[in-house]
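Here is the structure we will look at.
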Amino acid sequence: MVADNSGNQREFEEEVLPYLHCVYRVALGLAGSAARAEGLAYETMLKAFRGWPQFQRDTSARVWLLTILRQTFVKHCRTSRRTGASIDIAKIQPNPVVHNVPETDREGRFLKQIVDEEMLRALDALPDELRETLVLSDLEGLPYTAIAKITDIPTGTVKSRLFRARQALLQVLYDYACEMGYVREASRDDS
């Protein structure tokens, strides 16, 4: 006897497929290249389809998909260690230079203004755990609690990683942001 899966497939398509672009954007932020991101997104959606019968219907499909994506990304990182330029997080100092952004979350607002090749290179240089937190928060707009659930870390650790990631990017991108006119350069009197 063959089971009728058309209801499950239709439900999957309605609940999960609207988040395909979100999965790809996060994968691109994590992987750093379109080819790797496409592979991660494909593998995530395949795993989600296979695991759909176990999905808890009263939870967020978006958070569930991003959790699968993260686990897939971590598995890939373990099998092939990334190489290349990276940012030394120990040398990052708080950077109060973002003067023309009047919000409480100045670093997050600043980083949302700079999404181009330079930003992607700087983002790719972050350690994986900082990059994934930043991508989930600043590019996908997820709240700390959802990020904590996806990454399986405490909310306080999410906040700490996000702060360190933003500071690292600010330090790397500040001169570029001034040159491009995203922020005004701080004068000596502004400090």
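The values are calculated or read from the model by the stated rules, or taken from the named source; none is laboratory data. Predicted model only: the values in this text are computed from it and were never measured. Positions of Cβ are generated from backbone atoms using ideal geometry, with glycine treated the same way; all protein chains shown enter the neighbour counts. For the accessible areas, the whole protein counts, side chains as well, though only heavy atoms, and no ligand, DNA or RNA atoms are used. Shrake-Rupley method; radii C 1.70, N 1.55, O 1.52, S 1.80 Å.
The table below lists the values:
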item	result
Any hit, segment 45-66, residues being within 27 Å of residue 118 (Cα to Cα) and either in contact with a helix residue (DSSP H, G or I) (Cβ under 8 Å, 6 or more places away or on another chain) or open to solvent by 20 Å² or more (accessible area, probe 1.4 Å) (or both)	yes
Check on residue 58, at pLDDT below 90 and of a type in the set (Asp, Glu)	yes
Residue 90 being open to solvent by less than 60 Å² (accessible area, probe 1.4 Å) and either modelled with pLDDT under 55 or not basic (Lys, Arg) (or both)	no
Scan of segment 155-173 for residues that are farther than 18 Å from residue 124 by Cβ and open to solvent by 10 Å² or more (accessible area, probe 1.4 Å), ordered by number	155, 156, 157, 159, 160, 163
Members of segment 133-154 found to be open to solvent by less than 50 Å² (accessible area, probe 1.4 Å) and not hydrophobic (A, V, I, L, M, F, W, C), listed by number	133, 137, 138, 140, 151
